[in-house]
Structure formats: C-alpha cells, structure tokens
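The values are calculated or read from the model by the stated rules, or taken from the named source; none is laboratory data. As the structure is a prediction and not an experimental result, all values here were calculated from the model. Neighbour counts are summed over all protein chains in view; Cβ atoms, including those assigned to glycine, are modelled from backbone coordinates with ideal geometry.
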Amino acid sequence: MIRTFSNRDNRFVQTGESLEYLDSAVWVDILRPTKDEETAVERALGIDVPTIEEMSEIEVSSRLYAEDGASFMTSMMLSHTDGDNVMLSPITFILKGEQLITVRYAEPRSIDSFIARCQKTATYSADAVVTGLLEGLIERIGDVLERTGHELDDLSDTIFVLNTPKLVATAKAPKPKPRNFQSVLEQIGRKGDLLSKVRESLVSFQRLLAFGAEIAASRKPGKEYEGRIRTLSRDVQSLSDHSTFLTQKINFLLDATLGMINIEQTGIIKIFSVAAVVFLPPTLIASIYGMNFKHIPELAWPLGYPMAIGLMILSAIVPYQFFKWRGWL
C-alpha cells in the first residue's frame, strides 16, 4: 500500500493511496509494498527501494548509506507493544531533496498517531516528518520501558513477599498465598526477551540519529530540527541506560527466583530428613520386639506392650525436641 501526503491550503493532508501524487508528495509512505509498487516508485522517484531482506541486514553499511542523491536510514522499530509479544521490524527513511519516503512492513500505533496529529496542524517539511516519526517511535519505546519497570516491581513483590503482620483481637491473619515460581520464571523470561528487542531497537536508532546529524549538517534544515535530533539522541541514550538497568534487575530477579526455589526444595528435604530421624528410634524398637526369638523377657510381662509403645513415643519426642531446641525446625 502506498500513501502520499502533501501540503495543501496551509495544511498537511493525505492526497491519496495511489501513484498519482508521487512527484508532488512531501511524504510517501510505503507499507508492505508489492513488486509492482516497488517498481513504480523506483521509476517515479529515481531511487532503489530496499527489500525486506536488505532492510533486515545488520551491517551498518547496509542500513545507513547515501545513493543516487538520496540518504537511506534504516532502523528497527517496535510494534504490538501492548503486551510482551512485541514484534521487531525494520523501517527505512529515504530523504531525497524535499521528499521523504518510508518503507515499512509493520503498523505501529505511533505512526498512525503521528499521521492523525500532523493532519490537524500546519504544513510539514520532509525533515519535520522524519523528526516527528522518530519522536513518536522513540517515545513509544519509553512507554514500553516504563511499563516493563512497573511489571518488574510487581514480580519483585511476588518473589520477596513479606509475611502478613498479626492482626489484633480475635481476627486471624490470613495465610500468605503460595508462590508459583514457575510462572514467575516464565514472566521473567518474557521480560528478558522484550528488553533484548528494545535494546536492539535503541541501538539502531542511536546509529540512525548519528547518521542523521551528519545529513542535517549538509541539508541544513534549520536549527530547530538539528536541535530536535540532538534531543532525540540524548533521549535514546537515557533510554538505553534505563534498559541496561532493567536488564540487570531481570538478572537479579532470575537469580533470586532460582534461590527461592532452592530454599523451598531444601526445606522440603529438611522435613523428610527430620521425619526420617524422628521415626528411626521407634522403628528400631519395633524391630527389636518384632524379632522371632522364643525367649524375649517382655513377651510374658503384662505391661510389655504398653512399655514398648511408650518407648517408641518417647524415642520420637526426644529427637524432635532436640531439633527444635537447636533451631533446626
């Protein structure tokens, strides 16, 4: 799909979804182009539209370059950012003269929001559209990081849950809910995957803005746009630092979760160990009186059975009290 935007009657408007207004358009937005659309745009504008494979290459020379009088800048943007299943897809900005051509294969909400916003205001230049799109995409990354930070705080509360304080009077304190550490690990894994995509996107935007600053020096769009590019560079750097902090927090929470799992497993093993030790003396006594010897003194004694039962109970109580006294329970 191809959409064209132009300045008409002191307003920035969408002129159509066809090839009719390519020459006069300020912004040509190409979404998931077909082969025929790519060929038509290349003939009309005299540029080589990159394919999805070319846009996805990780070499800097394949993403940031100048060719045929046009500047090509490719970055990785986030889409479907409402949940953890964030998609990472490339977007290419092509600046040629007073025109901007964008090539993308995803529909992030930030671009649609920018289109709706800029159509309500005055005219836009190609440089203004670039900076506006970048501001929207980077701002959305900030929203994702902010939401992820709050969700990590909730995970931290789940892992390090505190005991409920005792209630006064006759009210009983509710028992803390059992923690599902498997679910916590799954959530931590999803957050880690999300942050890895965010960091990749931020690195690509950081390189794009550095290249864009060089282009701005030659295009001279004005101090306002050069200042906006510098501001975006600082924003990306601060977001990158924050994503590093969140990554470190994820690693901490992962280690803490595994530690809590080990503590729970150790507690279960301790219970079985104590039970084995507590029941070992009664088992020994029962084994002694279960031997098949003809002459056992207590067999003819009327109080032999109660004495054996008492010995077994006493032999179980003594080690239990000893463990409790030593603080092992």
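Of the residues screened, Ile285 is one that is over 30 Å from Thr158 (Cβ atoms), modelled with pLDDT under 85, crowded, with 16+ Cβ neighbours inside 10 Å and not assigned by TED's automatic domain parsing to the domain that holds Glu146. Being touching a Ser or Thr at 6+ places or on another chain (Cβ under 9 Å), assigned by TED's automatic domain parsing to the domain that holds Thr148, at pLDDT below 85 and of a type outside the set (D, E, K, R) is a property that does not hold for Thr102.
Please state which one of Ser79, Ser113, Ser89, Ser75 is buried (at least 21 other Cβ atoms within 10 Å of the Cβ) and under 16 Å from Leu137 (Cα atoms). Unique residue meeting the criteria: Ser75. Taking first residues from segment 209-234 that are part of a helix (DSSP H, G or I) and partners that are of a type outside the set (A, V, I, L, M, F, W, C), the Cβ contacts under 6 Å between residues at least 6 apart in sequence or on separate chains come to Leu209/Ser233; Ile215/Ser71; Ala216/Glu226; Tyr225/Asp127; Tyr225/Thr131; Arg228/Thr131; Ile229/Gly212. Candidates are the residues of segment 1-60 that are loosely packed, with under 13 Cβ neighbours inside 10 Å, over 31 Å from the mean Cα position of the chain (by Cα) and on the phi > 0 side of the Ramachandran plot; the one that is modelled with the highest pLDDT is Gly46. Modelled with pLDDT of 85 or more, part of a helix (DSSP H, G or I) and within 27 Å of the chain's Cα centre (by Cα): does that describe Leu88? No. Listed by first and then second residue, the pairs with beta-carbon distance under 8 Å, at least 6 apart or on different chains, first residue in segment 89-103 and within 13 Å of Tyr124 (Cβ to Cβ), second small (Gly, Ala, Ser) and crowded, with 23+ Cβ neighbours inside 10 Å, are Gln99/Ala25. Sub-7 Å Cβ pairs linking a first residue in segment 45-69 that is more than 16 Å from Thr102 (Cβ to Cβ) to a second residue that is acidic (Asp, Glu) and part of a helix (DSSP H, G or I), at least 6 apart or interchain, are Ser62/Glu54, ordered by first then second residue. For segment 178-210, a residue qualifies if it is closer than 30 Å to Arg230 by Cβ, of a type in the set (Gly, Ala, Ser) and under 12 Å from the mean Cα position of the chain (by Cα), and exactly one does: Ser196. Looking only at residues in segment 231-248 that are closer than 14 Å to Val203 by Cβ and among the β-branched types (Val, Ile, Thr), which one is surrounded by the fewest Cβ atoms within 10 Å (Cβ to Cβ)? Going through the qualifying residues, I end up with Thr244.
Can you tell me which residue in segment 172-211 is modelled with the highest pLDDT, limited to those that are more than 29 Å from Ser89 (Cβ to Cβ) and surrounded by 14 or more Cβ atoms within 10 Å (Cβ to Cβ)? That would be Val184.
Looking across segment 284-329, the residues that are farther than 21 Å from Lys270 by Cα and either in contact with a strand residue (DSSP E or B) (Cβ under 8 Å, 6 or more places away or on another chain) or in a loop (DSSP other than H, G, I, E, B) (or both) come down to Tyr289, Gly290, Met291, Asn292, Phe293, Lys294, His295, Ile296, Trp301, Pro302, Leu303.
Applying the set (1) at pLDDT 85 or above; (2) under 30 Å from Glu146 (Cβ atoms) to Glu224 leaves exactly one unmet item: (1).
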